[in-house]
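**Student:** This structure is in structure tokens; I'll ask about it shortly.
Since every read-out is calculated from the coordinates, none of them should be taken as a lab result. It should be emphasised that the depicted structure is a prediction, and the values quoted were computed from it without experimental measurement. Using ideal geometry, Cβ is built from the backbone for each residue, glycine included, and neighbour counts are taken over all protein chains shown.
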Amino acid sequence: MSATTPVDSGSSAAESASQRVLADLQLLARPRHARWDALGLMAVRSVVLERLQAFGPVDQHCFGEGADAGVNLILRLPGRRHELPPLLVAAHYDGPLGSPGADDNATGVAALLELGRRWALTPPRRPVWLVAFDQEEWGMLGSRALARQLRDSAQPLHLMLSLEMLGYTAKQQNYPLKAMRAVYGSRGDFIALVANTGAAALLPGLSRGMGAHVTTKVLPVPFKGRLLPDVRLSDHSPFWDAGYNAVMVTDTSFLRNPNYHRSSDTIDSLDLPFLLAVIDGLEAAIGQMD
């Protein structure tokens, strides 16, 4: 693993977090597609359910029928201000066809589990719902089902954050528009926050909180991202469509990672110190969110 982001290796807390996250990645990074690796998906679902249940009661939100059926896992953690609308922090636990999906999206799920461990011990300011989505790789079926249900029940959310590929860095960074290189740079060494216009006001605070731990760059997009389809390819977009403010937290996926949806998306291709810095940044930025 490369080490582009410094981590205090002398800190026992940092070492423990690194060991936990790596252990989770080793359990999660395996073929797990709803249609072609159903047994793998069931095994990973069991791991995620067991991990989340260690922090509190987990709702199993079943959706769909037949081949489109799936299970979202929802853990609701109390905040210090229980009356505030919750934050929803999510990652999809299914994987792409023919790939162990280490970056996509074992990194997001491992981050979700590590944040759950930390927030179960030290509650954040707001209530936080941790959600592991199923069937993202088959049309974001799990997030679509939950976003519709929350909208139909008039459930308020302060913000939805989708953790989508968090562990890959590279010397070169591509963009959907060439002009973006002049703004964001040519190196793939940052984490991106992609938000709809409603969530744009929250980006400076998120960026500051995360930026103390990892280089963070922001991209607000109008019209629910429909003018830039590449930014809609994860579980945040059904929440945009349902009228919620949402942010995708990402290493930019295929715009950086050549292993995207390939058998080479393995743990040893990841930048683990970068992933750990992203997790620390998320804990800092989300934990004190107003």
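**Student:** Under the condition of being among the charged types (D, E, K, R) and within 26 Å of SER237 (Cβ to Cβ), which residue from the range 261-270 is surrounded by the fewest Cβ atoms within 10 Å (Cβ to Cβ)?
**Tutor:** ARG262
**Student:** Kindly provide the set of residues from the range 232-255 that are of a type in the set (A, V, I, L, M) and either surrounded by fewer than 24 Cβ atoms within 10 Å (Cβ to Cβ) or under 11 Å from TYR168 (Cα atoms) (or both), ordered by number.
**Tutor:** Result: LEU233, ALA242, LEU255.
**Student:** Within the set of pairs 6+ apart or on separate chains, which have a first residue in the range 219-240 that is at negative phi and among the hydrophobic types (A, V, I, L, M, F, W, C), a second that is buried (at least 16 other Cβ atoms within 10 Å of the Cβ) and in a strand (DSSP E or B), and C-beta atoms under 6 Å apart?
**Tutor:** Filtered contacts from the range 219-240: LEU219/VAL194; LEU228/VAL221; VAL231/VAL194; VAL231/VAL221; PHE239/MET160; PHE239/ALA246; TRP240/ASN196; TRP240/ALA246.
**Student:** Tell me the residue from ARG81, ARG35, ARG30, ARG45 that is among the basic types (Lys, Arg) and within 17 Å of the chain's Cα centre (by Cα), please.
**Tutor:** From the options ARG81, ARG35, ARG30, ARG45, the qualifying one is ARG45.
**Student:** Could you go through the range 65-76 and let me know if any residue there is among the acidic types (Asp, Glu) and free of Cβ contacts under 8 Å to residues at least 40 places away in the same chain.
**Tutor:** yes
**Student:** OK, next. Here are some conditions: (1) crowded, with 17+ Cβ neighbours inside 10 Å; (2) closer than 26 Å to ARG187 by Cβ. PRO258 meets all but one. Which one does it not meet?
**Tutor:** Only one criterion is unmet by PRO258, namely (1).
**Student:** Here's a follow-up. Mind listing just one residue for me: the one in the range 120-171 that is hydroxyl-bearing (Ser, Thr, Tyr) and over 27 Å from ALA67 (Cβ atoms) and, of those, surrounded by the most Cβ atoms within 10 Å (Cβ to Cβ)?
**Tutor:** The extreme case among them is TYR168.
**Student:** Taking the range 66-110, which residues are of a type in the set (Val, Ile, Thr) and touching a helix residue (DSSP H, G or I) at 6+ places or on another chain (Cβ under 7 Å)?
**Tutor:** VAL71, VAL89, THR107, VAL109
**Student:** Sticking with this structure for a sec: Can you name every residue in the range 242-290 that is aromatic (Phe, Trp, Tyr) and touching a residue at least 60 places away in the same chain (Cβ under 8 Å)?
**Tutor:** TYR244, TYR260, PHE274
**Student:** Would you check if there is a residue in the range 243-253 being part of a loop (DSSP other than H, G, I, E, B) and touching a His at 6+ places or on another chain (Cβ under 7 Å)?
**Tutor:** no
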